[in-house]
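Written below as structure tokens is the structure these notes are about.
The values are calculated or read from the model by the stated rules, or taken from the named source; none is laboratory data. Note that the coordinates shown come from a computational prediction; the quantities given were computed from them, not determined experimentally. Here Cβ is always computed from backbone atoms with ideal geometry, including for glycine, and neighbour counts include all displayed protein chains.
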Amino acid sequence: MDIHQKKQKKVEEKDYPNYQQGDCYAYIAIKRETNLHLAHAVGKRIDLIAEHIVWKLSIILQLPTFTYKLEVYTDGNKQYPTALLQHYRKDCMIYGQLIKKKKNKRFVYKFKKKIFGNPDYNDIDTVNIESYNSILRERIGCLVRRTKCFSKQRSKFEKRLDIFQAYNNTMKVDIDGKTPCMKEGLDAKKWKWMDFFMYR
């Protein structure tokens, strides 16, 4: 367990006594061009979890610069701007939000908002992650509501997402016959489940 995880556990116990109970959310990041599942964080809808997924991204992604900026597009969650600024410079990011407004739990309208930099309004969209979330709800039983297979432990829910991330990135092929890892140049072939289970 590294320092960040120790700090996270301490904050959970001190500030969120019911952290392991009740509703649980999954924050997921994918790469738009290839649908590569980059990272996920599971927990309450709190600043700590939003910061945790951005921390994960800061470890695996190339550090953005003034000329090679990080482009981020999300829903209207107010936690993301603060979390992003904890790990990236504001002038090294292009960030826009698609904000949906509801009334009496029914969708009314949506609008696009530029947060950092000057993103193209046509690029501010969440259709890719919404489509991926729909796939997760179909493939992972605990995400199907009103059934007996819902997650009773946050850690097991996160493990399910870990396995699906491996499947999506290395085994699931697109119409071009390539996996997200193959599109990214990270792997030369499609994996099989036996490759995954036997990998050290």
Does I135 satisfy being under 18 Å from the mean Cα position of the chain (by Cα), of a type in the set (A, V, I, L, M) and buried (at least 17 other Cβ atoms within 10 Å of the Cβ)? no
Can you tell me which residue is modelled with the lowest pLDDT among those in segment 49-98 that are farther than 19 Å from I30 by Cβ and touching an Asp or Glu at 6+ places or on another chain (Cβ under 7 Å)? F66
Going by the structure shown, is V11 within 25 Å of A166 (Cα to Cα) and at pLDDT below 95? no
Strands (runs of 3 or more DSSP E) lying entirely in segment 68-142 (those with 3 or more residues that are aromatic (F, W, Y) and without any contact (Cβ under 8 Å) to a residue 60 or more places away in the chain): 106-116
Evaluation of I30 against (1) free of Cβ contacts under 8 Å to residues at least 40 places away in the same chain; (2) buried (at least 18 other Cβ atoms within 10 Å of the Cβ); (3) in contact with a strand residue (DSSP E or B) (Cβ under 9 Å, 6 or more places away or on another chain) (one fails), failing number: (1)
The number of residues in segment 168-200 that are in a helix (DSSP H, G or I) and either buried (at least 16 other Cβ atoms within 10 Å of the Cβ) or of a type in the set (G, A, S) (or both) is 7
Give the residues of segment 142-171 that are modelled with pLDDT of 75 or more and out of contact with any strand residue (DSSP E or B) (no Cβ under 7 Å at 6 or more places or on another chain), sorted by residue number. S155, K156, K159, R160, D162, I163, F164, A166, Y167, T170, M171
